[in-house]
Structures are given as C-alpha cells and as structure tokens.
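Inspection log for the structure reproduced underneath, given as structure tokens.
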Amino acid sequence: HSLTNRLPAALERDEFFLEYQPLIRMSDGRVDGAEALVRWKHPVHGRLGPDRFIPLAEHTGLIVPLGRWVLEQAVAQTCAWSDGDPLRVNVNLSPRQLHHPDLVPDTIAVLESAGVEPSSLCLEVTESALIGADEDELKPLWQLAEIGVDIALDDFGTGYSNLANLRKLPATTLKLDRSFTQGLQQHPADPVDLTFVEGIVSLAHALGLAVTVEGVETESQADQLRDLGCDTAQGWYYARPSSPGEFAKDWAPTG
Ligand code: G
Ligand code: G
Ligand code: MN
Ligand code: NA
C-alpha cells in the first residue's frame, strides 16, 4: 500500500498536523477543553483524514512515534494558549500505543518537560480497545489515572460493552458515541436513544464518571442532551475542528 510506505517519511517531513475541536460545558456553554485530531497533508493526495491512515499506522507500528508526536504537539499547544491555567486537551490513543511499554514514561516526560499538570490531559481510548483487556493490560492506564490524567472511553455505546465492567476500568469520562445524538434529531426523538442516554448518564454519574456527548449538530440536540444531564458536548453546532489559530480566535482563554 503506497500510503503505508510513505508514513515514516511523512512523519520526518512534518506532513502531519493537528486540528482542535472545542469541548463545551453544557451548564454554562463555556469551553472546557479541546480534542486534538490528526490530519495528513499528503504531497500528492492532499489533505487526508485520520480514517485513511491511522489504521495503516496502527498496523505497521508507526502509530507509536506518530502518537508521541501528537501528544507533544497537543500539550505544547495547550501551553501556548494558556494564560497560566492551561486549557484541557484530549488526545486519542490507539490500541497499539496502549500496549507499548513507553506509554507511561513518555506521557509523564511530555507533561513534565512542558510543565503541564496531568489533570490538563485527557487520553481517549475506545471502548472496544479495552474490552477483554486483562489487569496487566490496564495497568498503564491505571498508573496514568493515578497521577491525575483523565481517561475517556471514546465512542461509548458502540461496542458490546459489559456495563458492569465499567467499574473495573480507570475511566473518568464516557464519550457517548454520536449515533445516540443523531437519534435525538428525529421528531419525536427515538425513544430508545432517549432511554439509553438517560440510563447511561445516571449509571455514569453513579460511578463518578462525567458524560461527554459527541456529534451535537443542532440546538435542539444540545438542549435535550443538557436536560438529560450530559456534562460536556462536542460537535458542529459549537464548532468544527480547526487550526490552532482559528481555535484561539474563538475559544482560547487568552485569544
Ligand atoms: O477527525 P475525524 O472525525 O476524521 O477523526 C476520525 C477518527 O480518527 C476519530 O475516531 C479519532 O478518534 C481518530 N483520530 C483522530 N486523531 C487521532 C490521533 O491522533 N490518534 C489516534 N489514534 N486516532 C485519532
Ligand atoms: O472518534 P472520535 O470521536 O475521536 O472522532 C471525532 C470525529 O468526529 C472527528 O473526526 C470529527 O471531525 C467528527 N465530528 C465532530 N463533530 C461532529 C459532528 O457534529 N457531526 C459529525 N457527523 N461528525 C463530527
Ligand atoms: Mn475521540
Ligand atoms: Na468518538
């Protein structure tokens, strides 16, 4: 695969870049953080989204150095935006990164050298990456959670999760998959989706987890999800992913 072959050179030549999408606190509409999303400026094919190359990088193992680059960039960016109190930043982790022995030391080193508190970083892990993981495999995430890094379960509700398992995971946040948000757009809203969101929110809160909803595209979805008790929201209704400069104009504390 030619994209696969080009990945290492792309990393060396700085062809990857990050966009940021704000996370909005539903209680007051203020920005609560940003998710960093990687893109590839390919010299021939132009801009490529992560769905085109993350699976390839995961397959070859290049995801490990690429993921470290993403983490460094994102943490440096939050410092650049900060006015003493850095904006929280969410970084996606792939399964291969989770199982790499350098995850914990690398993450600590990046935070320390930037002088960023662990609580300003949230690592997003898909629910499916954790299903079936045994205690040893979860240890690195527990270690990061213990030093104060937030752990979010991404795309929550799409896997075949055993809800009882939630208690055994080091998660601090559930990111409800956007398919549930889409169900609320119908008139009347899909009752199954309403019930699901309601149930997940009460279960999550009972377990001390926050709930973030993805894919909010309309005011009506935002209103319903706020009324259902969701804590944080993300989606085109608030903002599309954008460059650091665009993000700073609209959302950063110092502008
Ligand atoms: O930005 P977009 O909607 O195209 O992202 C699609 C998917 O790519 C998302 O599920 C997101 O989790 C994943 N993704 C984006 N950036 C990164 C990254 O830096 N690392 C990993 N592992 N996945 C990412
Ligand atoms: O899987 P993950 O949740 O990390 O992916 C986030 C992806 O969702 C990003 O690629 C982003 O472009 C996309 N996204 C963000 N907001 C919306 C939205 O409101 N609607 C849709 N359809 N996609 C969105
Ligand atoms: Mn994500
Ligand atoms: Na997601």
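Each reported figure results from applying straightforward, stated rules to the coordinates on display, with no laboratory input. Please read all numbers here as calculations on a predicted model, not as lab measurements. Cβ: placed from backbone, ideal geometry, glycine included. Neighbour counts: every protein chain shown.
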Exercise for the section: Any chance you could give the angle, 0 to 90 degrees and rounded to 10, that helix 63-81 forms with the longest Cα principal axis of the chain? Expected result: 70 degrees
Fill in the blank from the handout: By the C-alpha gyration tensor axes a ≥ b ≥ c (rounded if a/c is under 1.5, else prolate when a/b exceeds b/c, else oblate), the shape of segment 159-254 is oblate
Fill in the blank from the handout: With 0.36 nm assigned to each residue of separation and the Cα-Cα distance removed, GLU146 to GLU219 gains 22.6 nm
Exercise for the section: Only Lys, Arg, Asp and Glu count, each charged at its Cβ (+1, +1, -1, -1), so figure out the dipole size of segment 2-250 about its Cα centre, rounded to 20 debye. Expected result: 540 debye
Handout entry: Acute angle (nearest 10 degrees) that the helix 50-60 long axis makes with the longest principal axis of the chain, alpha-carbon atoms
Key = 60 degrees
Problem - Rounded tilt (10° steps) of 135-146 against the dominant C-alpha axis of the chain - result: 80 degrees
Practice task
List every residue whose amide H lies under 5 Å from the amide H of HIS42, counting only residues 5 or more places away in sequence or on a different chain, with H placed 1.01 Å from N in the peptide plane.
Solution key: ARG47, LEU48
Completion exercise
Out of ALA204, ALA34, ALA74, a Gaussian network model of the chain with alpha-carbon springs under 10 Å gives the largest mean-square fluctuation to ALA204
Fill in the blank from the handout: Over its alpha-carbon atoms, the chain yields an Rg and a Dmax in Å of 18.0, 51
Problem - Amide H contacts of ALA210 (H built 1.01 Å from N, under 5 Å, at least 5 apart or other chain) - result: THR173, LEU174
Fill in the blank from the handout: segment 2-50: relative contact order from alpha carbon pairs under 8 Å, six or more residues apart, as a whole percent, is 29 percent
Handout entry: Number of Lys pairs (Cα under 29 Å; 8 or more positions apart or on different chains) in segment 2-250
Key = 5
Problem - Global geometry of segment 127-170, whether rounded, prolate or oblate, following the gyration tensor of its Cα atoms and the 1.5 cut on a/c - result: prolate
Practice task
As a check on your grasp of the helix formula, calculate [θ] at 222 nm for the chain: sum -39500 (n - 2.57) over DSSP H runs of n ≥ 4, divide by the residue count, round to the nearest 500.
Solution key: -13000 deg cm²/dmol
Completion exercise
Expressed as a whole-number percentage, the relative contact order of the chain with C-alpha contacts under 8 angstrom and at least six residues apart is 20 percent
Handout entry: In nm, spacing of pseudo-spin labels at LYS249 and ALA164 (7 Å Cα→C-beta vector)
Key = 5.3 nm
Problem - Unit charges at the beta carbon, dipole of the chain: most positive-side option, PRO43, GLY29, THR4 - result: PRO43
Practice task
Please list, in chain and number order, the residues 5+ apart from HIS99 or on another chain whose amide H is under 5 Å from its amide H, with Hs placed from the backbone.
Solution key: none
Problem - Two-site label geometry, ARG240 and ASP190: point separation in nm, points 7 Å out along Cα→Cβ - result: 2.5 nm
Exercise for the section: Order by neighbour count: ILE54, ILE108, fewest other Cβ atoms within 10 Å first, most last. Expected result: ILE108, ILE54
Problem - Per-residue HN-Hα couplings for segment 96-103 [Karplus 6.51, -1.76, 1.60; θ = phi - 60°; Hz; x = Gly/Pro] - result: 5, 5, 4, 9, 8, x, 7, 3
Fill in the blank from the handout: Comparing LEU203, LEU103, LEU184 in a Gaussian network model of the chain (Cα, 10 Å), the one with the largest mean-square fluctuation is LEU203
